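The next block holds one structure in the form of structure tokens; read it before the comments.
Nothing in this text is a laboratory measurement; each read-out follows from the coordinates by a stated rule. If you're wondering where the values come from, they're calculated on a predicted model, not measured in any experiment. When we count neighbours, we look across all protein chains shown, and the Cβ atoms used for this are built from the backbone with ideal geometry, even at glycine.
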């Protein structure tokens, strides 16, 4: 009975925190939604709360099995969110739209997560840590980090393209990011970096690691493998379009379905490369007796 009362009280308190969060951060959260519709690199943002909510729902019984408010830890996280909010207000004029929304979204998430800890306690937060922290993928990547990632992927793609040209014997002269073929030149521009597919694959690998892997270093291997795989995938796409443009029809580089929507096909190729790695990592995991699901039923069965 007492546990039920604490949970109802916790629900009411967290509902209050949620309402306050949406009132305070309504404008930046609205702008965040607009950004996700108009900037392809952030098209995943709208899906993040749905994924988070799904995993939260799966573990709801474990999360709310022992509700006990944690005033100090929760209050510290809330205060951190408030400090970031004030920093966003103070620095807002000097930040570009992306960085301002990055700061304010992080502030809103800290305020909300702090309210969760305050309302339900640290044990509930530990049980809900994955869906709550997964919400962090709603935060726009700071411009300096985004530019560095694009540069890294772009440079890597150029190296892969040069290697494939040499390997296949396609006559191409490289000048920085530009490759000169016999009748045309192609530039590996920023738009060709593959940043969007890299982000999609990375956040998907986080889910795959959570579901299929338990060992920390194996999860890290899976996460880091995304970058070389996407670079190779991106290089293959650029070479394919360049060769088709050179030897078949130049419109393959300008106005073809493969140029406009071919990213999905090569994204599928990247997934086919990653799946065997995930399978190997999963196969080498220590076996757990009993059946395992997201509710931790294996542990329950062992106790019985």
Which distance in Å, rounded to a whole number, links the C-alpha centroids of region 209-239 and region 9-53? 28
Taking a ≥ b ≥ c as the square roots of the Cα gyration tensor eigenvalues, with a/c under 1.5 meaning rounded and otherwise prolate when a/b beats b/c, else oblate, which class fits region 43-141? oblate
Taking the Cα-to-Cβ direction at residue 283 and at residue 129 and moving 7 Å from each Cα, how far apart do the two end points lie in nm? 3.0
Taking just the alpha-carbon atoms of region 3-57, what radius of gyration and Dmax come out, in angstrom? 15.0, 46
Once each part is reduced to its C-alpha centroid, what is the distance from region 186-204 to region 70-116 in angstrom? 29
Against the longest alpha carbon principal axis of the chain, how many degrees, from 0 to 90 and to the nearest 10, is the axis of helix 97-120 turned? 30
Mind checking the full-extension length gain between residue 143 and residue 90? Use 0.36 nm per residue of separation minus the Cα-Cα distance, one decimal, nm. 17.2 nm
The Kirkwood hydrodynamic radius of region 145-283, taken as the inverse of the mean 1/r over all distinct Cα pairs, in Å, comes to 15.9
With N set to the residue count of region 106-145, report its C-alpha Rg divided by 2.2 N^0.38 Å to two decimal places. 1.30
FRET efficiency estimate (nearest 0.05) - Cβ-Cβ, residue 33 to residue 11, R0 25 angstrom: 0.45
Describe numerically, in nm with one decimal, the distance between label points set 7 Å from Cα along Cα→Cβ at residue 20 and at residue 68. 2.4
Among 99, 31, 249, which comes first, second and so on when ranked by fewest other beta-carbon atoms within 10 Å? 249, 31, 99
Taking only DSSP H segments of four or more residues, each worth -39500 (n - 2.57), what value at 222 nm results for the chain once the sum is divided by all its residues, to the nearest 500 deg cm²/dmol? -24000 deg cm²/dmol
Return, for the Cα atoms of region 75-193, the radius of gyration and Dmax in Å, separated by a comma. 22.2, 67
Potential extension, residue 76-residue 272 segment - 0.36 nm per residue separation minus Cα distance: 66.2 nm
